[in-house]
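The values are calculated or read from the model by the stated rules, or taken from the named source; none is laboratory data. As the structure is a prediction and not an experimental result, all values here were calculated from the model. Methodologically, a virtual Cβ is constructed for each residue, glycine included, from the backbone with ideal geometry; neighbour enumeration extends over all protein chains shown.
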Amino acid sequence: MKISVIGTGYVGLVTGVVFAQLGHKVICMDKDRGKIENLKKGIMPIYEPGLKDMAVKNHDEGRLFYSIDIKEAVQKSDLIMIAVDTMPKENWQTDLGSVKSVAKDIAKYMNGYKIVVNKSTVPVGTGNLVDKIIKMNQKKKFKFDVVSNPEFLREGQAINDTLRPDRVIIGSDNPSATIKVVQLYQDMNTVIKITKLKSAELIKYASNSFLATKISFINSIADIAEMTGSDVDEIAEGIGLDRRIGREFLNAGIGYGGSCFPKDVGSLIYTAKELGYDFTILKEVKRLNEDRINRFFSRIKKSTNLKNKTVSILGLSFKPNTDDLREAPALKLIKLILGEKAKIRVYDPVAMENAKKILKNTVEYSEDMNHCVNKSDIVILVTEWDEFKNADLKSIKSLMKGSYFFDGRNIYEPTIMKNLGFKYFSVGR
Ligand SMILES: NC(=O)c1ccc[n+]([C@@H]2O[C@H](COP(=O)([O-])OP(=O)(O)OC[C@H]3O[C@@H](n4cnc5c(N)ncnc54)[C@H](O)[C@@H]3O)[C@@H](O)[C@H]2O)c1
């Protein structure tokens, strides 16, 4: 099938590369000229394990093309995927500006029947809006169908998730368009769930909101565990053994970040409000999460004075295996610590370049973990990279000047840390 992907970000690029790998002809289109020029030279705009090799291979073998020309992308494809950003406005309403603009361009340049597949996360009803915008802006009345195919990939494992998804959701009100989109995924050996257009849109928000709820729930249990002297990791294991609950997303810590959970939870609360429904449970999930960093920070301040101390921050990205800093807890924590007049040194295995653009000269940047902790008074672990999990803790301790170690992701064993001489604090243990 000839496919165009409009928006070559995390979702669009990975999707385009994977469909090319599966043998389709794919144009990845983006309005960002620099990004497209770099991609043509094999320079990836994001860090994602396995992405570069697959992208370069498919580009070289003539299945994957990059373009800034939306007219070319629309006209040379049978199926157009929308994968543009849908960021929140101040009030958490989803900004549909990019989606609307793409819909208008599709209408303008259509040259035959097209299937418009929306992969961006959009509020329920947006598929109908896209349909309306295309109809209103068409020069010639070509037929088309709008299908919702929400994306569930996880940054850091995006290639694998796209090649081997847990499930594929295809929402459409037209069976013949549904069948064409099903054909795209039929070799993937996955469960394909066909739904109404609007159900598919809501499934995405319901999934992310449910996962966010699990995180805020276990974080609240962690607070109770701390107050009672129990251990949240043991509790997570204990409840996770119940198949109805499951162990995943029950890791207590300093809360979720990233470009998806905060915005999707906020957007669903907003949608509910517009419908006259007060989504109280989700409002509390959001509030609890926003409070995690403050709680962790208070814990640090209660344990030690930060003024004029050297504080090492291990991990900046919102989760491991990505360089994405959108809504990263580390950035919020750094801001609070800087307010205490401490000196901050940071290290992240891949997010350093992105961090420099945001943090500028407010912190000192380290090339590796050892340099970061060298002569430092306090170490704070924010992202659970494998490099930190496998670190030589004895040598970390000997490099440090002080002994305070705050672990925001519970990656070390408290007894081992104490035996090594750290004043070790984690979450809910
Ligand atoms: N990042 C994730 O892990 C993830 C996972 C699932 C779903 N999603 C959803 O997928 C969508 C895309 O997310 P992302 O993280 O890939 O965003 P992104 O910001 O990384 O990429 C979006 C791209 O769209 C381009 N763009 C915007 N308007 C355009 C236009 N009019 N024409 C052409 N290109 C245009 C931008 O230049 C940018 O490169 C969002 O709705 C997001 O919620 C993201």
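Quick rundown of the values:
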quantity	calculated
Helices (runs of 4 or more DSSP H) contained entirely in the stretch 50-111, each with at least 2 residues that are among the β-branched types (Val, Ile, Thr), in contact (Cβ under 8 Å) with a residue 40 or more places away in the chain and farther than 30 Å from LEU268 by Cα	70-75
Yes/no for ILE170 being within 14 Å of the ligand (Cβ to nearest atom) and farther than 23 Å from GLY257 by Cα	no
Meets criteria (in a loop (DSSP other than H, G, I, E, B), modelled with pLDDT of 95 or more and assigned by TED's automatic domain parsing to the domain that holds PRO320) for ILE254	yes
Index of the failed condition, THR178 passing every other in (1) assigned to a loop (DSSP other than H, G, I, E, B); (2) surrounded by 13 or more Cβ atoms within 10 Å (Cβ to Cβ)	(1)
Any hit, the stretch 248-261, residues being β-branched (Val, Ile, Thr) and either exposed (fewer than 15 other Cβ atoms within 10 Å of the Cβ) or within 16 Å of the ligand (Cβ to nearest atom) (or both)	no
Lone unmet requirement of (1) surrounded by fewer than 21 Cβ atoms within 10 Å (Cβ to Cβ); (2) farther than 28 Å from ASP32 by Cβ; (3) modelled with pLDDT of 95 or more for GLY171	(1)
Test: residue in the stretch 296-311 that is buried (at least 24 other Cβ atoms within 10 Å of the Cβ), in contact (Cβ under 8 Å) with a residue 24 or more places away in the chain and closer than 23 Å to LYS356 by Cα	yes
Any chance LYS25 is free of Cβ contacts under 8 Å to residues at least 12 places away in the same chain and basic (Lys, Arg)	no
Failed criterion for GLY266 (all others in (1) more than 16 Å from the ligand (Cβ to nearest atom); (2) in contact with a strand residue (DSSP E or B) (Cβ under 8 Å, 6 or more places away or on another chain) hold)	(1)
Spans of helices (runs of 4 or more DSSP H) in the stretch 334-410 with at least 2 residues touching a strand residue (DSSP E or B) at 6+ places or on another chain (Cβ under 8 Å) and under 20 Å from LYS423 (Cα atoms)	369-373
Check on SER67, in the same structural domain as ASP105 (by TED's automatic domain parsing), surrounded by 14 or more Cβ atoms within 10 Å (Cβ to Cβ), over 23 Å from THR322 (Cβ atoms) and within 11 Å of the ligand (Cβ to nearest atom)	yes
